[in-house]
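Below is one structure, written out as structure tokens, with a few remarks after it.
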There are 2 protein chains.
Amino acid sequence: MGKYHHGDVRNVLLEKAETILTKEGPTGLSLRRLARMTGVSEAAPYRHFDGKDGILAAVAIAAFERFADQLEAVADTIANHEERIMKLGAAYVGFAVEHPQHFRLIFGRERPPLDQYPELREAADNAFDVLQRAVTSVDRKANMTLTEAATAYNRALAAWSRAHGIAMLVIDGMIVPPADQDLGSFVLGLLEEDLNAPLNA
Amino acid sequence: MGKYHHGDVRNVLLEKAETILTKEGPTGLSLRRLARMTGVSEAAPYRHFDGKDGILAAVAIAAFERFADQLEAVADTIANHEERIMKLGAAYVGFAVEHPQHFRLIFGRERPPLDQYPELREAADNAFDVLQRAVTSVDRKANMTLTEAATAYNRALAAWSRAHGIAMLVIDGMIVPPADQDLGSFVLGLLEEDLNAPLNA
DNA sequence: GCTTTAATGTTAACAAAGTTAACATAAGAA
DNA sequence: TTCTTATGTTAACTTTGTTAACATTAAAGC
């Protein structure tokens, strides 16, 4: 007389997985525990997901999508090129700080291999496309020379890696943002820092 | 008649752990497998290390030291301030690319908590001191105003996070360095990229 | 030299996790 | 209604981290 077919196990599992991940990270997410917490047998998740990686992939896809949406929302509202790059970087770090576990999931090594989950690869590519478009969009509509295009691409990489480095080091606790300052402006300050300028600017 | 006391189990374990880590990363390092490969009982490692975290900590400490040495070697040979910062960044990324698993270990979440391993914390702090000194050393010997000192500090953070971001994205395969170019000059290019400069420089 | 003690090994057990196989039941198609 | 498929369940198997109980060796104290 077991409650076979509750109807929505897959979604419930996903939501609970989401909750656990937020609190304890990918390592703390155990399939068995997840199943118990969902009130379903310990093997049930295997009917809906391709094992643990399958669930992680599903969560990662959702995370990538939210990430991309958040970046796009910022990028779309800012017309000025330089300002857009900077604010985008701040938003990038902002997402990492607000959702450190999700950020770690989509960039860390517990992320399932992109090759094995085409939708995951798609979600990842889409997020990076948003970034790249935002960084190079203004230049794209002008007719660029080959070297200009190359520079634009490199600049996107540079902007991306700067934001990424700050994000990683901050959520790792290696860089501690000053308490008396807004996180966004702190990040902007770091992004704009010119390593070659004289100290007494 | 068992071969009790082979004499050097601790070091052999560490070396084998090192080997496994290089090939398979922290996740692939299983204590039991390590013990078997070392030809010792599966509980033996616990006599020499504080469980799995203990071994990871030991390996991480060694990794931090090599990392710091490598950075210091570069920093010490370059007198020019700007050049030193840049080459240091390239060395930072170089280490990550040469030893991705070690880099991941010392920066990822499988690194044992610094609080629980004072020597690990020390090794980490030392590595970052090397970085910070190299980035701010020239300025340090001048008598700086408070704001100059703050700028110097921020600049160190900016340099660090830039290198870190490139390193992370490269070893994650999200940024693929061009095959026709030396990795070092690729990194230097990214580090020097001025996001605000016009495209046709 | 002999005895005691601490260090170092060993085996055996436990719990937790990922995964799969074998079986049960419900829902929908034929 | 019957057959097939999707979805659940239980029970097993393997691996892993860890600890307890016991064995042996080396070193220290007498």
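Between residue A:77 and residue B:30, the C-beta separation translates, for a Förster distance of 60 Å, into a calculated FRET efficiency of about 0.75. When a/c reaches 1.5 or more, the comparison of a/b and b/c decides; with that in mind, is the protein assembly as shown rounded, prolate or oblate per its Cα gyration tensor? Here the protein assembly as shown falls in the oblate category.
Between 0 and 90 degrees, the angle of helix B:146-171 with respect to the longest Cα principal axis of chain B falls at about 60 degrees. Could you compute the FRET efficiency for residue A:8 and residue B:172, with r as their C-beta to C-beta distance and R0 at 22 Å, rounded to 0.05? Efficiency computed from Cβ-Cβ geometry: 0.05. As a length-normalised measure over Cα pairs under 8 Å and 6 or more apart, the relative contact order of chain A settles at 22 percent.
Which whole-angstrom value gives the distance between the alpha carbon centres of region A:131-201 and region B:28-61? Centre-to-centre distance over Cα atoms comes out at 41 Å. Near residue A:30, no amide H atom lies under 5 Å from its own; only residues 5 or more places off or on other chains count, and H is placed 1.01 Å from N. Convex hull volume of the C-alpha atoms in region B:1-49, normalised per residue: 66 Å³. Restricting the calculation to Cα atoms, every distinct pair contributes to the Kirkwood radius of chain B, found to be 18.9 Å. For residue B:23, the aspartates and glutamates whose Cα comes closer than 14 Å to its Cα, not counting residues fewer than 8 places off in the same chain, are B:15, B:98. If you build a Gaussian network model of chain A, linking Cα atoms that sit under 10 Å apart, which residue out of A:60, A:163, A:149 swings the most? Highest fluctuation of the listed residues: A:149.
Summing Lys and Arg as +1 and Asp and Glu as -1 over all other residues whose Cβ lies under 9 Å from the Cβ of residue A:158 gives a net charge of 0. Take the Cβ-Cβ distance between residue A:137 and residue B:192 as r, set R0 to 25 Å, and report the resulting FRET efficiency rounded to the nearest 0.05. Using R0 = 25 Å, I get an efficiency of 0.60. Helix A:183-192 versus the longest principal axis of chain A: what angle, 0 to 90°, nearest 10, using Cα atoms? Roughly 50 degrees between the two axes. Extending 7 Å from the Cα toward the beta-carbon at both residue A:47 and residue B:144 defines two label points whose distance is 6.3 nm. Comparing B:62, B:159, B:79 in a Gaussian network model of chain B, where Cα atoms under 10 Å apart are tied by springs, the biggest mean-square fluctuation is seen for B:79. Between helix A:9-28 and chain A there is an angle of about 60 degrees, using the helix long axis and the longest principal axis of the Cα atoms.
Look at the alpha carbon pairs under 8 Å that are at least 6 residues apart: their mean separation over the length of region A:1-49 gives a relative contact order of 32 percent.
Readers should treat all values here as calculations from the given coordinates under stated rules, not as data from a laboratory. This one's a predicted model, so the numbers in the text were calculated from it and none came from an experiment. For neighbour counting, all protein chains shown are included, and Cβ atoms are generated from backbone atoms with ideal geometry for every residue, glycine included.
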